[in-house]
1. If amide H atoms are built 1.01 Å from N in the plane of the peptide, which residues on other chains or at least 5 residues away come under 5 Å of the amide H of residue 87?
2. Please give the peptides 105-117, 20-32, 60-72 ranked by average Cβ packing (other Cβ atoms within 10 Å per residue), highest first, as a rough proxy for protection.
3. Rounded to whole Hz and in sequence order, give me ³J(HN,Hα) for region 28-35 from the Karplus expression 6.51 cos²θ - 1.76 cosθ + 1.60, θ = phi - 60°, writing x for Gly and Pro.
4. What is the set of long-range amide H partners of residue 51 at a cut-off below 5 Å, with H atoms built 1.01 Å from backbone N?
Amino acid sequence: MNFPISDSRIDLSHSSASILINRMVEAVTCTDEPAYHVTLDAEGDEQIVMTSLSELFDCVPQINEAYADCCDDEHQEVFWMAYREIGLEHSPLGLICMNSEETGYLSTAQSMNALADRIRLLISCQEVDEVTEQDEMIFSPTQCRAMHQ
């Protein structure tokens, strides 16, 4: 299923958004590539180069935020948690969020890179939690603490 961007003001249906989010989270976990390669030219203007993730991230503005309350699976939960944690917000310039110092806003491309990074972080934390839970089922609490120190 392609997600054409004919008009970013038109929201995707809930089912299309769910499929897109699942594909996006899967794709993000399979690579360490950013959503977009962002550099500055000699004049300080942002130059954006597409990556393998860009097509998926181009559709994020079309995902209705009301869908955040209707998560069907872990991928959607991770996506919406990452979305909220970085503070994505709509602006006339697109979806943006604050930089890590909270002194200014990132561009849309930089904000999508921040979203991809946060998704990776949340997925890696989930994997650590799952391993810890499995260890706790196999080993005694004392053995688990020793293993994770």
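1. Amide H neighbours of residue 87, under 5 Å, 5+ apart: none.
2. Numbers: 105-117: 21.5, 20-32: 17.8, 60-72: 15.4.
Highest mean packing first, the order is 105-117, 20-32, 60-72.
3. So the J values, rounded to whole Hz, are 4, 6, 8, 8, 9, 5, x, 5.
4. 37
Coordinate-derived values only; no laboratory data. Not measured: the values here are computed from a predicted model. Ideal geometry is used to build each Cβ from the backbone, glycine not excepted, and the neighbour counts take in all protein chains shown.
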